[in-house]
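Working notes, structure below.
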Amino acid sequence: MTNSVSHSVMFHHFHNNNHPRSQGSLSETDFRDLLLWLRKKYTLVGASEYSKKILSCTLSASDICLSFDDALKCQYDIAIPILEEFGLDAFFFVYSSVFSDSPDFLEIYRLFRTINFADIDSFYSDFFEIVEQLDTGEYKKQNFAYQSMNYLSAFPFYSENDKWFRYIRDQYLGPIRYKEIMSKMMLIHGFNVEDAKKNIWMSEDDLKTIDEMHHVVGLHSYSHPTQMSKLKLEDQDREYSKNYRHLSDLLGHPIQSMSHPCGDYNNDTLEILKRIGISIGFRSSMSVKEIKSSLEIPREDHANVFKEMNS
Ligand SMILES: [Zn+2]
């Protein structure tokens, strides 16, 4: 199945000796194979050229570009040298809270689960035990409620443990108590959050380096809300203005492109982006198979491309 609309392929995690393998991550070889395969099917265009083409309405349906979200260090260490090999520049979409004292913990938890447990179920069994010990009566009551409601049945790929974990996290504990429990678990396992941060995200110097290498650094909001469209106009404005200021100050030039965190946005978002001078934006799926505007370019997840390549 070849996508017949110009789009971008969206990448997240990579693994090697220094970055652990995690759900959906690609090795150096996987990435090289994938680029060779894409080059046969499509016209692989650099990010700068892609930007020029979309703004001058000269994109062909077969033109695709590459984009990397979330400023992950594994992209810097593993993907960038291969992009150099191919002589390709790519988009890197960065959310700025990563460079502050309070980054979002999602990536940190992911790394903790990956390196401190044999598999996800070993993590779940420790987690369930800790929550149960906090309040056995309440734990049983919550489990009873959960059993009677067919929770997350719309997601058939979730295991029973996946669903029960999400119920506990989102319906029972809520973000504050969840964070307390995760902090306690990381302490028990001697997991050092400060060290982890250094290996999860690029540094500001790394960003400057990729900018100097002529890759294109773009916005991805300040704190990476999962549902941007649910935020009030002024909160959305703050998300993108802070992100814009951080990156343009750091790199010393205007920013022109962005990708929508979790692909979520509304008309307010598009108006804000236009006002601050962003002219190129990417979604996070191929669910809309057309380019509705230059701020809504579809993207294919690398996991789907990889699956297709290996089928
Ligand atoms: Zn993201």
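Within the stretch 247-264, the set of residues being at pLDDT 95 or above, within 16 Å of the ligand (Cβ to nearest atom) and open to solvent by 10 Å² or more (accessible area, probe 1.4 Å) is empty.
When the residues of the stretch 80-97 are filtered to those that are more than 10 Å from the ligand (Cβ to nearest atom) and buried (at least 23 other Cβ atoms within 10 Å of the Cβ), the one that is farthest from V305 (Cα to Cα) is S96. The set of residues in the stretch 41-71 being in a loop (DSSP other than H, G, I, E, B), in contact with a helix residue (DSSP H, G or I) (Cβ under 6 Å, 6 or more places away or on another chain) and more than 16 Å from the ligand (Cβ to nearest atom) consists of L59 alone. Of all the residues in the stretch 107-120, those that are farther than 14 Å from F191 by Cα and either of a type in the set (K, R) or touching a residue at least 24 places away in the same chain (Cβ under 8 Å) (or both) number 1.
If only residues of the stretch 211-221 that are on the phi < 0 side of the Ramachandran plot and surrounded by fewer than 21 Cβ atoms within 10 Å (Cβ to Cβ) are counted, the one that is nearest to the ligand (Cβ to nearest atom) is D211.
Any idea how many residues of the stretch 265-290 are within 17 Å of D235 (Cα to Cα), within 15 Å of the ligand (Cβ to nearest atom) and surrounded by fewer than 17 Cβ atoms within 10 Å (Cβ to Cβ)?
Initial filter on the stretch 265-290 (within 17 Å of D235 (Cα to Cα)): 265-276.
Remaining after also requiring within 15 Å of the ligand (Cβ to nearest atom): 265, 269.
Now narrow it down to the ones that are surrounded by fewer than 17 Cβ atoms within 10 Å (Cβ to Cβ): none.
Matching residues across the stretch 265-290 total 0.
The single condition from (1) farther than 29 Å from E28 by Cβ; (2) modelled with pLDDT of 95 or more that E290 fails is (2). Of all the listed residues (Y139, Y151), the sole one being of a type in the set (S, T, Y), part of a helix (DSSP H, G or I) and out of contact with any Cys (no Cβ under 9 Å at 6 or more places or on another chain) is Y139. How about the stretch 165-201: which of its residues are open to solvent by less than 20 Å² (accessible area, probe 1.4 Å), over 15 Å from S102 (Cα atoms) and of a type outside the set (G, A, S)? Result: F165, Y167, I168, L173, I181, M182, M185, M186.
Any residue in the stretch 200-207 that is over 21 Å from H12 (Cα atoms) and among the hydroxyl-bearing types (S, T, Y)? Checking the stretch 200-207: not a single residue is over 21 Å from H12 (Cα atoms) and among the hydroxyl-bearing types (S, T, Y).
Conditions tested, residue by residue: (1) more than 30 Å from E85 (Cα to Cα); (2) more than 16 Å from the ligand (Cβ to nearest atom); (3) of a type in the set (A, V, I, L, M, F, W, C); (4) assigned to a helix (DSSP H, G or I).
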{"residue": "L173", "(1), (2), (3), (4)": "yes, yes, yes, yes"}
{"residue": "Y178", "(1), (2), (3), (4)": "yes, yes, no, yes"}
{"residue": "M182", "(1), (2), (3), (4)": "yes, yes, yes, yes"}
{"residue": "K197", "(1), (2), (3), (4)": "no, yes, no, yes"}
{"residue": "T209", "(1), (2), (3), (4)": "no, yes, no, yes"}
{"residue": "S229", "(1), (2), (3), (4)": "yes, no, no, yes"}
{"residue": "E239", "(1), (2), (3), (4)": "yes, no, no, yes"}
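The values are calculated or read from the model by the stated rules, or taken from the named source; none is laboratory data. If you're wondering where the values come from, they're calculated on a predicted model, not measured in any experiment. Methodologically, a virtual Cβ is constructed for each residue, glycine included, from the backbone with ideal geometry; neighbour enumeration extends over all protein chains shown. The protein model used for the area step is the full one, side chains on, heavy atoms only, and it has no ligands, DNA or RNA in it. Shrake-Rupley method; radii C 1.70, N 1.55, O 1.52, S 1.80 Å.
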